[in-house]
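J.: Sending over a structure as structure tokens; questions will come in a sec.
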Amino acid sequence: MNIILLGPPGAGKGTQASFLVEERGMVQLSTGDMLRAAKDSGSEMGKVVADVMARGGLVTDEIVIGLIREQLETVKSNGFVFDGFPRTLAQADALAVLLKEQGQTLDAVIELEVNDDVLVSRIVGRAAEAAAAGKPVRADDNEESLKVRLMEYYKKTSPLLGYYYAKGQLTGVDGLGEMADVKASIGTILET
Ligand code: ADP
């Protein structure tokens with residue numbers, strides 16, 4: 001079973017993806033994590049993406065599609081959780097082609113529904129917690145970049161809701177509840 005978690009930055013996609021990994025043995029494919037790893041490794045690609053990520057913009061479709069292609073071609077799994085990908089219509093089309101090439105299907109697209117006030121306070125809170133614990137704070141977890149990330153989401157990613165709705169693949173869950181409740185809602189979707 002392959003699923004996409006959709007939702008704005010701070011909606012809880014990463015948290016829910018990690019539950020699916022722990023409890024269902026799924027494999028999480030987070031383009032954000034892959035890009036941060038590339039940046040930390042100091043690779044050429046990492047250098048190219050660092051600035052645009054820090055500002056909150058989207059990395060090119062070509063780069064992220066390449067990352068996902070590589071994973072789908074090399075990692076064996078009985079279920080992928082796509083977290084932060086696709087983020088544009090072009091990425092969604094590319095994912096459909098890649099899955100088909102691998103003989104795989106897309107089984108559900110789950111939207112984590114939240115409102116912007118919660119997002120801003122969650123992300124600002126996450127940055128403050130990391131700083132207090134002496135951990136590195138993400139370069140894009142500041143108010144200015146967050147505004148850009150939200151704008152990018154509404155301009156380029158939110159059209160995917162209509163795209164998957166039209167295919168009959170979209171299901172929304174209330175992302176404002178407790179983590180455990182959101183997890184339970186996702187579990188119900190996967191079991192039906
Ligand atoms: P969040 O959802 O918390 O904003 P992610 O970790 O998913 O964060 O992504 C962080 C950044 O990485 C994005 O703001 C963007 O710059 C880049 N990025 C991640 N995934 C994609 C993607 N699919 N397409 C383009 N850029 C991406």
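The values are calculated or read from the model by the stated rules, or taken from the named source; none is laboratory data. This is a predicted model, so every value here is computed, not measured. We place every Cβ from the backbone using ideal geometry, glycine too, and count neighbours over all the protein chains shown.
J.: Of all residues in segment 1-20 being closer than 20 Å to Thr88 by Cβ and aliphatic (A, V, I, L, M), which is farthest from the chain's Cα centre (by Cα)?
T.: Filtering segment 1-20 down to residues closer than 20 Å to Thr88 by Cβ leaves 2-11, 13-14, 17.
Restricting the remaining residues to those that are aliphatic (A, V, I, L, M) gives 3-6, 11, 17.
Values: Ile3: 11, Ile4: 8, Leu5: 6, Leu6: 6, Ala11: 9, Ala17: 9 Å.
Per the criteria, the residue is Ile3.
J.: In addition: Can you find even one residue in segment 43-53 that is within 16 Å of the chain's Cα centre (by Cα) and touching a residue at least 40 places away in the same chain (Cβ under 8 Å)?
T.: So far as segment 43-53 goes, yes, one or more of its residues are within 16 Å of the chain's Cα centre (by Cα) and touching a residue at least 40 places away in the same chain (Cβ under 8 Å).
J.: Something else: Working only within segment 56-80, note down all residues that are among the polar types (S, T, N, Q), within 16 Å of Leu99 (Cβ to Cβ) and within 9 Å of the ligand (Cβ to nearest atom).
T.: Across segment 56-80, there are no qualifying residues.
J.: If you don't mind, another one. List the helices (runs of 4 or more DSSP H) inside segment 1-115, counting only whole elements, that have at least 3 residues being crowded, with 19+ Cβ neighbours inside 10 Å.
T.: Numbers: elements: 13-24, 31-41, 44-55, 61-74, 89-101.
Of the helices (runs of 4 or more DSSP H) lying wholly inside segment 1-115, those with at least 3 residues that are crowded, with 19+ Cβ neighbours inside 10 Å span 13-24, 31-41, 61-74, 89-101.
J.: Mind checking which residues of segment 26-55 are under 18 Å from Gly14 (Cα atoms) and near the ligand (Cβ under 9 Å from one of its atoms)?
T.: Ser30, Thr31, Gly32, Asp33, Met34, Leu35, Arg36, Met53
J.: Limited to segment 135-164, what total is found for residues that are within 18 Å of the chain's Cα centre (by Cα) and over 20 Å from Leu119 (Cα atoms)? Working first, answer last.
T.: So in segment 135-164, the residues within 18 Å of the chain's Cα centre (by Cα) come out as 138-141, 145-164.
Within this subset, residues satisfying the condition of being over 20 Å from Leu119 (Cα atoms) are 162-164.
Residues meeting the conditions: 3.
J.: Also, I was wondering about something else. So, in segment 1-31, of the ones that are touching a helix residue (DSSP H, G or I) at 6+ places or on another chain (Cβ under 8 Å) and small (Gly, Ala, Ser), which residue ends up nearest to Ser145 (Cα to Cα)?
T.: Gly10
J.: Which ones in segment 92-108 are aliphatic (A, V, I, L, M) and within 22 Å of Glu62 (Cα to Cα)?
T.: Residues of segment 92-108 that are aliphatic (A, V, I, L, M), as a first pass: 92, 94-99, 106, 108.
Correct list: Ala92, Ala94, Leu95, Ala96, Val97, Leu98, Leu99, Leu106.
J.: Only residues that are assigned to a helix (DSSP H, G or I), surrounded by 11 or more Cβ atoms within 10 Å (Cβ to Cβ) and among the small types (Gly, Ala, Ser): list them for segment 116-146, please.
T.: Selection gives Ser121, Gly125, Ala127, Ala128, Ala130, Ala131, Ser145.
J.: Please specify each residue of segment 115-147 satisfying the condition of being over 19 Å from Asp33 (Cβ atoms) and of a type in the set (D, E, K, R).
T.: Asp116, Asp117, Glu143, Glu144, Lys147
J.: If you don't mind, another one. Only one of Asp117, Asp141, Asp83 is within 9 Å of the ligand (Cβ to nearest atom) and modelled with pLDDT under 95; which?
T.: Working: Asp117 fails: within 9 Å of the ligand (Cβ to nearest atom); Asp83 fails: modelled with pLDDT under 95.
Selected residue: Asp141, the only one of Asp117, Asp141, Asp83 that is within 9 Å of the ligand (Cβ to nearest atom) and modelled with pLDDT under 95.
J.: Further question on the same structure: In segment 159-177, which residue that is surrounded by fewer than 16 Cβ atoms within 10 Å (Cβ to Cβ) and outside any helix (DSSP H, G or I) is farthest from the ligand (Cβ to nearest atom)?
T.: Among residues in segment 159-177 that are surrounded by fewer than 16 Cβ atoms within 10 Å (Cβ to Cβ) and outside any helix (DSSP H, G or I), the one farthest from the ligand (Cβ to nearest atom) is Gly168.
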